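Colleague: Take this structure first; my questions come after.
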Amino acid sequence: GPTFRSELFDAYKAERGEMPDELVGQIPKIERVLAALAIPVMTCPGFEADDVLATLARICDERGANCYIVTGDKDCRQLITDRVAVYNIRKNQVYDAAALRADWGIGPDQVIDFQALVGDKIDNIPGVSGIGPKTAQQLLETFGTLDNLLEHASEIPGSKGKKLLESREIALLSRQLVRLDTQVPILPDWDLARAGGIEVQQLTDLFNEFGFRTFAERVSSNPGAMVSAK
């Protein structure tokens with residue numbers, strides 16, 4: 001559904017195609033499997049999934065809990081703190097502040113400004129024309145923040161300074177679009193999030209219904225491990 005970003009910028013994600021009908025039909029089935037696995041699902045109208053993740057990460061950080069965000073979405077790199085990291089499940093890799101520095105050459109507090117400068121073709125976030133990742137890193141290394149960079153854009157020689165002056169409003173809009181909302185009105189029930197509580201028979205039946213025979217055999221062959229996992 002629509003989000004606050006769509007209200008800010010009509011073209012936001014406008015080039016993405018509609019969700020395939022095949023996927024639409026799978027969503028209720030996914031929800032049934034998650035319920036059988038006792039995995040809580042959190043949503044909030046008007047916000048994207050990343051905003052929900054951002055809010056949960058902020059709550060964990062404030063409460064002194066370690067948080068691993070399992071996602072391949074680069075937007076979540078802005079959420080990295082001493083307690084919050086991004087986990088790449090395919091590579092079995094924890095992506096923290098050190099990994100970010102090695103990859104993009106910036107700190108977590110600069111990710112939003114970095115993305116505002118570079119833009120994102122997938123989400124149709126404009127960014128500043130002609131400013132790529134390397135240039136964005138160099139500019140932020142020199143000026144620290146997007147605000148400070150724009151304030152001193154007239155001092156930057158050549159086309160870079162000119163582009164920044166011409167694209168000031170676009171850069172600020174892009175920053176609004178890429179910044180995840182950490183204040184989504186949700187209240188997690190941490191008890192529901194505890195491992196365990198899996199409905200083994202229900203899960204086995206669902207896997208058989210969907211043709212996931214290997215998964216069904218795995219569950220039914222060792223139900224004790226599924227129920228008692230902590």
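Colleague: What is the number of the single condition among (1) part of a loop (DSSP other than H, G, I, E, B); (2) under 27 Å from Val70 (Cα atoms); (3) open to solvent by less than 70 Å² (accessible area, probe 1.4 Å) that Gln137 does not meet?
Modeller: (1)
Colleague: In addition: Looking at segment 178-194, can you tell me whether even one residue there is of a type in the set (Asp, Glu), at negative phi and not in a loop (DSSP other than H, G, I, E, B)?
Modeller: Among the residues of segment 178-194, not one is of a type in the set (Asp, Glu), at negative phi and not in a loop (DSSP other than H, G, I, E, B), which makes the answer no.
Colleague: Also: Can you give me the number of residues within segment 106-134 that are of a type in the set (S, T, N, Q) and modelled with pLDDT of 95 or more?
Modeller: Looking only at that region, the number is 2.
Colleague: Filter segment 75-91 down to the residues that are out of contact with any Pro (no Cβ under 7 Å at 6 or more places or on another chain) and either touching a residue at least 40 places away in the same chain (Cβ under 8 Å) or in a loop (DSSP other than H, G, I, E, B) (or both) and list them by number.
Modeller: Asp75, Cys76, Leu79, Asp82, Arg83, Ile89, Arg90, Lys91
Colleague: Now, a different point. Mind checking which residues of segment 92-134 are part of a loop (DSSP other than H, G, I, E, B), among the aliphatic types (A, V, I, L, M) and over 30 Å from Ala65 (Cβ atoms)?
Modeller: Ile122, Val128, Ile131
Colleague: If you check every pair at least six apart or on different chains, which have Cβ atoms under 7 Å apart with a residue in segment 104-132 that is farther than 16 Å from Leu173 by Cβ first and a residue that is open to solvent by 30 Å² or more (accessible area, probe 1.4 Å) and aliphatic (A, V, I, L, M) second?
Modeller: Correct list of pairs: Gly107/Ala97; Pro108/Ala97; Gly132/Val118.
The values are calculated or read from the model by the stated rules, or taken from the named source; none is laboratory data. Predicted model, so just to flag it, every value in this text is computed and none were measured. Here Cβ is always computed from backbone atoms with ideal geometry, including for glycine, and neighbour counts include all displayed protein chains. To get the accessible areas, we keep the full protein, side chains included, count just its heavy atoms, and leave off ligands, DNA and RNA. Shrake-Rupley method; radii C 1.70, N 1.55, O 1.52, S 1.80 Å.
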